[in-house]
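Here the structure is laid out as structure tokens; the discussion comes afterwards.
Quick note: the coordinates plus some simple rules give every number you see, no bench work behind them. As the structure is a computational prediction, the values presented were derived from the model and not from experiment. Cβ placement follows ideal geometry from the backbone for every residue including glycine, while neighbour counts extend to all protein chains displayed.
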Amino acid sequence: MHFQAVIEFLGDVSVLQRLPSSSITKIAQHVVVKHYNSGEYVFQEGEPGGGIYFICEGEAEVFRSFLSDNHDSQVFRWGKFDHFMKNESDKQEDIIALTKLTCLMLPDKYSTLMHPYSIWSAEMNLKTCAPVEYILSLDPLDVNTFRGVTLKGAPKSNKVYGGQFMGQALAAASKTVHFHKILHSFHAHFLLAGDVNIPIIYQVDRLRDVPNLATRRVNAVQEERVVFFLIASFHREEEDGFDHQEPTMPSVPDPETLLPEQGLEEGVKLPRHTPRAEVSTSTSVPWPTEIRPVDPNKYTRYTTRSPSICYWLRAKGRLPADQALHRCVGAYFSDLLFIQISLNPHRREGIFPTSISLDHSMWFHRDFRADDWLLYVIDSPTAYNARGFCRGQMFNRKGELVLSAMQVGVVRKLKPPTTASKL
């Protein structure tokens, strides 16, 4: 098999999809092609296994007996995309080719490639990696299930930030598709407030897999309740296609000439080596995002203003080149100061507006780097019947439209707090 064919095959092996794309490429460089005739042993009990085997073509039968009871045995049949290795437990195991069998074998000396530090990086340095990469690094529980937590180094209030739900759920979905298929859209629904002190289990359903497209549904579960879900679509890059862009990026000052938004970047700096198993506390932390508002005016929560905003943003630190990660980070960014813009025309003294996100949709048009400056342009064309509607566009510094977003949320007027007399 030539190298590109090996890459194509390995990208469809479920157990490998959770790995960083760079790890899959390295595995492709080290695998050895093995051929077996029907009835031939791949290996027998007592023989060295040699490595990890991935079935490319054909079927194999596995006969497994337990040393404690020779009458207790199991027989399995494995086919394309299944994998196996020499069993070193209390079982005797023979693996026989049922048909002509072709396997790719990763030698034992390269088995560490199967165990990267995170789903995004084979080697993650917590002291130097971008904070948002750390936030979106999930723990795989199996090929379709992942665990995320609200880290001490992640922004939060009294509930899970909506962008964290979206970014982590998309990370889970991205790690169940061929790495050549890139996220192009998703539609999300916020059902219940997320608890920052409870790990989030992301369950992925593989709804569709065809050569150029894939569709995934992801449920975010806390204490056996679905608190959030989305459906995401993925598309392999194609050379033949049309290209046009109608929206024009507004003419605004360069981000280097603007002052940071201190209200979003202030916070208590916490140790970056916090174990991932720990969940958050109520301690204030900085956003993993640099913000440069285009409007230099300072507003209070009572200032009436236009239902629009425009600001530059980028991830703090440097991210790996994996485009899947950059799109997950774009989703993470997109919920920042979004539905709240629909409250702007209704802010005034004595009014206490509040907003709750209901659903959120995004479309990714072009590749981009989330650690380079992006201009986020948001407006709210309408609010009615306690629902606000907002839409957003992100442009890179070349003026290319890289993504579009829309969100609907409940926007209400709360009664002002009252102070009861102690007399």
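If you take every residue apart from R236 with its C-beta less than 11 Å away from the C-beta of R236, what net charge results, scoring Lys and Arg +1 and Asp and Glu -1?
That sum, taken over residues with Cβ under 11 Å, equals -3.
Inter-label distance, N197 to K80: 5.1 nm, where each label sits 7 Å from its Cα along the C-beta direction. With neighbours defined as other Cβ atoms within 10 Å of a residue's Cβ, the residues R397, R347, R77 order from fewest to most as R77, R397, R347.
Determine, for C103, C328, the number of other Cβ atoms within 10 Å of each Cβ, and report the residues in order from fewest to most.
Working: C103 25, C328 28.
Placing the least packed residue first, the sequence is C103, C328.
Once the piece of chain linking E246 and R305 is laid out straight, how much longer is it, given 0.36 nm per residue of separation minus the C-alpha distance between them? Present the calculation step by step, with values, prior to reporting the outcome.
On the way: separation 59, 0.36 × 59 = 21.24 nm, distance 2.73 nm.
That pair, E246 and R305, stretches by 18.5 nm at full extension.
How do 226-232, 333-339, 139-145 rank on mean C-beta neighbours within 10 Å, highest first?
Top to bottom by mean Cβ count within 10 Å: 333-339, 226-232, 139-145.
Note on the chain: helix-only mean residue ellipticity at 222 nm, from DSSP H runs of 4+ residues weighted -39500 (n - 2.57) and normalised by residue number, equals -3500 deg cm²/dmol. Look at (1) 19.2; (2) 27.3; (3) 24.9: the one that is mean projected area of the Cα convex hull in nm² derived from this structure is (2). As a proxy for reagent exposure, K298, K26 were ordered by neighbouring Cβ count within 10 angstrom, fewest first; the result is K298, K26.
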